[in-house]
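The values are calculated or read from the model by the stated rules, or taken from the named source; none is laboratory data. Since the model is a prediction, treat every value here as computed from it, not as a measurement. With ideal geometry, Cβ positions are generated from the backbone for all residues, glycine too; neighbour counts draw on all protein chains shown. For the accessible areas, the whole protein counts, side chains as well, though only heavy atoms, and no ligand, DNA or RNA atoms are used. Shrake-Rupley method; radii C 1.70, N 1.55, O 1.52, S 1.80 Å.
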Amino acid sequence: MAEVVVDYGGKEILRVPLKGASVTIGRDPQCDLHLDNRALSRRHALIEKRGAAIWVKDLKSQNGTFVNGERVTDAGQALNGGDTIEVGRYQVRIEGVEAARTDTPVLTLTGPEGRHRFAMVGDEIILGRAPSCDIAIGHKSISRRHLRVAMESGQFIAEDLGSQNGTRINNRRINGPTPFKIGDKVQMSEFTIEVGFLEAPSTAVGPQKSGKTMMIDRSELANAAYVEGDLQKGQNLGNISLGQHGGHNEFDDHQESLADATKGIPASSADDYVAPMPPRPAPPTPVLPQPPAQQAQPRPKKPPTPQAPVVVISHPDYAERTLVLTGDVTLVGEDGSDGDGTENRSFANHGYVVFARTLRGVVACVAGDRRLLTVNGQNQLFAQLQEGDAVELGLLTIVFHETD
């Protein structure tokens, strides 16, 4: 397992496992790596996993974060084998990882979200809109499981996974596994994929030392590692994220079972098809008052209650489960427990994700903790949730679905 090791004055003083998606470093006791030194800001730096890659970024600290003596921006940079992070007078290094081979296949994805490079550290990479894909693309033109890219017998293979809008190589639609080569363009709607191999990366502050390539942590069994790209505001991957919500859930199975029902629906919306709601009943016909001698008229029936939204809760310590948001407010603890808060007592050791049902939909935020909510890879104070949004707090991952 990957570990974060802290040295001070040439001596090891702290060692913690790199669990979950990130580790915060700072003077605040709430940080994962609490270093009580005035040279550090309260929240100084962040070490985070982007798939199998390990990145570091500065959290707008006063004195800065450095890698091998070069200052890191808040957009962050991928760590290479043997890199040393410097915060104040502390040296931080990552152990239990390996350096990626320079001949590791790399996918360059270009589209409305900019240009991004992903190293293929597994046997294949699955691209699609579902959060469980190795590369999740949050666009309706992309099917939930759209494309498989693999390296087989030294050759690149592209295979369309039955997507609604199809896959093309150099503008020719493919059927079944299809070989392609460096220089070819694999096209999915507005997105284009080109392949190559990992080279010693460079940063904005100068070239890396020769022979060093990015760190790879295989303990999470991720098939993709984020190499570089156009980050939005230095905070996230926009509508593109790495599949860290793995797993199979009943909602996905339900969506796939509706494939036949989407025939004849325009391509832009067929992949989002859900079972139609029953027609809303017409308002009851007003009943005029009757003379007392006549029999009383039956009361009009109450219209059916709309279906409640659901969330799929994932936590490494528990099996994945589905929770229906039937109440006005639902709390899910960082440890995976849930309740409605009516007993006015704590039921989780750390923070809570709060789901509040409003007239406009479901709003999520964090309670009992200073951290922000992470929604589709972006830190937010609160979020108006939409279908398929992935919410994270610590090791907890919650995927929102509009109805059960």
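General observations
- Taking a Cβ cut-off of under 13 Å around Leu373, the surrounding Lys, Arg, Asp and Glu residues balance to a net charge of -2, with basic ones at +1 and acidic ones at -1.
- Heavy atoms of Asp32 accessible to a 1.4 Å probe, total area in Å² rounded to 10: 90 Å²
- Using the 1.4 Å probe convention, the accessible area of segment 74-195 works out to 42 Å² per residue with neighbouring protein chains retained.
- Residue-span extension gain [Asp184 to Leu395] - 0.36 nm each, minus C-alpha spacing: 72.1 nm
- For the set Phe382, Phe191, Phe347, solvent exposure ranked by accessible area (probe 1.4 Å, protein chains only) runs largest to smallest as Phe382, Phe347, Phe191.
- For segment 117-195, the carbon plus sulfur part of the accessible surface works out to 39%, probe radius 1.4 Å.
- Sulfur and carbon atoms: percent of accessible area, segment 33-75 [1.4 Å]: 44 percent
- Note on Phe66: accessible area approximately 60 square angstrom, rounded to 10, probe 1.4 Å, nucleic acids and ligands left out.
- Between the C-alpha center of segment 1-46 and that of segment 82-112 there is a gap of 18 Å.
- For the pair segment 115-172 and segment 329-404, the centres of their Cα atoms are 30 angstrom apart.
- Per residue Cα convex hull volume in Å³ - calculated over segment 12-63: 89 Å³
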